[in-house]
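Every number here is computed from the coordinates shown, using simple stated rules; none is lab data. Keep in mind that what you see is a predicted model, and the values were worked out from it rather than measured. Glycine also receives a Cβ, built like all others from the backbone with ideal geometry; neighbour counts cover every protein chain displayed.
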Amino acid sequence: MNPFYKNLSLWLVIILMMIMLYNIFNQPQYAEESIGYSEFLAMVDRDQVSNVTIQGNDLLVVTPTNQRFKVYAPDDTELIPMLRTKGVAIKARPPAESPWFLTVLVSWLPMLLLIGVWIFFMRQMQGGGGKAMSFGKSKARLMDENTTRVTFVDVAGVEEAKEELEEIVDFLKDPKKFTRLGGRIPKGVLLTGSPGTGKTLLARAVAGEAGVPFFSISGSDFVEMFVGVGASRVRDLFNQGKKNAPCIIFIDEIDAVGRQRGAGLGGGHDEREQTLNQMLVEMDGFESNEGVILIAATNRPDVLDPALLRPGRFDRQVVVPLPDIAGREAILRVHMKKSPIGKDVNIKVLAKGTPGFSGADLENMVNEAALIAAKRDKDFLDMKDFEDAKDKVYMGLERKSNVMSEEEKKVTAYHEAGHALVARLLPFTDPVNKITIIPRGRAAGITWFLPDESVFRYKDQLISGLSVAFGGRAAEEIIFKRISTGASNDIKQATDVAQRMVRSWGMSDDLGPISYAKGDEQIFLGRDIGQNRDYSDETARKIDYEISSLIHNAYQNALEVLKDNLEILHKLSAMLLDKETVSGKELDDLILTIRPDIIFPSHLPEMDEDDNLYDAPERKGPENYTGQGKDGISPDSGDENQDDKQDGNDSPEPEEPGQQEEDRDKKQDDDTRS
């Protein structure tokens, strides 16, 4: 649109300001005092008037002392003769007239205002999203190479997903390379993965590399307060895509509009379903959308409608996982380019010590390290800055205001020492990275591990991990003869792992490789509300017994390890109270000082031809004690920590059912199966 009309109101304001300035500067240099006509006549009689200037009905009176007065005079025929008689000098001027442009402006101002209002409403009705009468217009933002500076060089740690999207870009740049063999360009790519893994970053990299129009919109932008707006915006979005084909349309958080239809207890959401139906038609309906590629991102693929996920709409579903060690190392290198790094920084150690961190977490960690180094007036970032930043990102700020008593520090030191010592002396556990009793967030202390990120977790590892989880509680019982609530999260996570070992992974010798796990679908996704248990009450009792046995044996195993190494436990706790943080190497040196003949056990199970992995002695431990959280608990397994309140009473060892009960139970199970 013409800039003049676009800024019509601004031009009108400028014109009015010019007129006001003209009137101000066009005023007479002297401001005259107004007097009455009778007073003026009296002054003439007293010979106090030297000259008079007549301009219409206005008189400008000047006295012999050069005083000036303004007088409004009626039509008086005797005024001129009287002034001549008194010898007053008379001047005459024509009446003042308004400037011609002021006359024109006053005449045309109402019409100009009407025209301006009409233009304003027409622009609002025909304009883009967010303006009156334009709710049906798409809010998609068109991005070009100048808008987006991100390229695939800036993306690391998700090589498989990057390769998939690089292929899309190659297809757009050279379609003949693929179509000559009968291939067709994918219509849609769905990026799924946990928050912070880089889904949106990948889309921004595509925008920077594609060299074609790139439309970006959020899933929530389709829904508005008026019915029918969502479907209209979908149509408008794809119409824009067809006009600019070949192009890419990116929908972020598509689960906001693509949820499964008919889901929920209260019936379907008609407006959202109407929007989804229109999107399904546009993606693969009767009309062809050749050259329009749809890329969508979500961290909730389980709630999407199945019709949206079928080939022909989203031909490819690319999982963007949490980065592994190599991926985290590559991501750290990308983010460290912006900062001066000290020679003592070991990126491999940082990558190994941050399991479960997403790309966003790693970026935040590097940024926090830079801020910490700046506060310390350093010229570069060293390893201590990164270690402190890692603790801050994962556990939160150091609680300097919450000063623990000496008794609380002692309990925390023995608790963390128990975890670390059991983990170091039992086989099939992860290496200890560091132990600290510095309170951060809601945790009073933490034991970090360096896990081996293998695909599988074996039974031996899980059993040892259960014992590691109970190492803190066992140390409290041995040293203080009482237990605290500090192990609440340990108990919760160990119980969860033991339940999955028995119910999901078939690791119970008595129950065998049978899954007793319930479905975890949510009723709000349109699944059935009722859940029927497909096993008998007696089987449920056996499941509970197996879980209790695993937990009890793991706790007893932790007690035995700590009782056999009390001297190491005492000295490690004293070292923690003195230094507050102990590294894994310092722990090994302490153990070797007291027991120089010790041979540290292997961290991973080794499989020999004549060795049965499951014949190993029972050692317990939670599945996810991967150094990611307190006492080795993974962050995605719960938010609770050492400060959580929970009853700390021990559960008695479950008693083996009697033989008569077993026979009766077997008969009941046989009847149930028949």
Full-extension gain in nm, Arg333 to Ala517, via 0.36 nm per residue minus C-alpha separation: 62.1 nm
Table column - 3J(HN,Hα) (Hz), the stretch 358-375, Karplus curve with 6.51, -1.76, 1.60, x for Gly and Pro: 7, x, 5, 5, 5, 4, 5, 5, 5, 5, 5, 4, 5, 5, 5, 5, 5, 5
Which one, Ala369, Ser358, Ile325, projects farthest toward the positive side of the charge dipole computed for the stretch 325-394 from Cβ point charges (K/R +1, D/E -1)? Ile325
Amide H neighbours of Gly342 under 5 Å, counting only residues 5+ apart in sequence or on other chains, H built in-plane at 1.01 Å? Leu381, Asp382
Gyration tensor (alpha-carbon) shape descriptor, the stretch 37-93, a/c threshold 1.5: rounded
How much FRET efficiency would the formula 1/(1 + (r/R0)^6) give for Asn57 and Ser107, where r is the Cβ-Cβ distance and R0 is 22 Å, rounded to 0.05? 0.30
Using 1/(1 + (r/R0)^6) with R0 = 51 angstrom and r between the beta carbons of Ser220 and Glu567, what's the FRET efficiency to the nearest 0.05? 0.25
Return the sequence-ordered ³J(HN,Hα) values of the stretch 107-113 in whole Hz as given by the Karplus equation 6.51 cos²θ - 1.76 cosθ + 1.60 applied to θ = phi - 60°, using x for Gly and Pro. 6, 9, 4, x, 5, 5, 5
Would you please give the FRET efficiency between Arg376 and Ala245, computed as 1/(1 + (r/R0)^6) with r the Cβ-Cβ distance and R0 = 56 Å, to the nearest 0.05? 0.55
How big is the equivalent ellipsoid of the stretch 360-401 along its three axes, where each semi-axis is √(5λ) from the Cα gyration tensor, reported in whole Å from largest to smallest? 16, 14, 8
Got a sec to turn the phi values of the stretch 47-52 into Karplus ³J(HN,Hα) couplings, 6.51 cos²θ - 1.76 cosθ + 1.60 with θ = phi - 60°, whole Hz, x for Gly and Pro? 6, 9, 10, 9, 8, 9
Give the percent of DSSP beta bridges with both residues in the stretch 37-93 that are antiparallel, rounded to the nearest 5. 65 percent
Rounded, prolate or oblate, given the Cα gyration tensor of the stretch 241-390, with a/c below 1.5 counting as rounded? prolate
Starting from the Kirkwood Rh over alpha-carbon pairs, what translational D in µm² s⁻¹ does the stretch 325-394 have by Stokes-Einstein at 25 °C and 0.890 mPa s? 210 µm²/s
More than 16 Å apart: what percent of Cα pairs in the stretch 364-465 qualify? 66 percent
Separation of the stretch 369-438 and the stretch 49-71 by C-alpha centroid, Å? 94 Å
Segments 36-47, 245-256 sorted - mean Cβ within 10 Å per residue, highest first: 245-256, 36-47
Using the Kirkwood radius built from alpha carbon pairs, what does the Stokes-Einstein equation give as D for the stretch 420-515 at 10 °C and 1.306 mPa s, in µm² per second? 107 µm²/s
What is the set of long-range amide H partners of Val318 at a cut-off below 5 Å, with H atoms built 1.01 Å from backbone N? Leu190, Leu191, Thr192
Non-local amide H neighbours of Phe250 (under 5 Å, H modeled in plane, Pro and chain starts lacking H): which ones? Phe215, Ser216, Ile217, Ile295
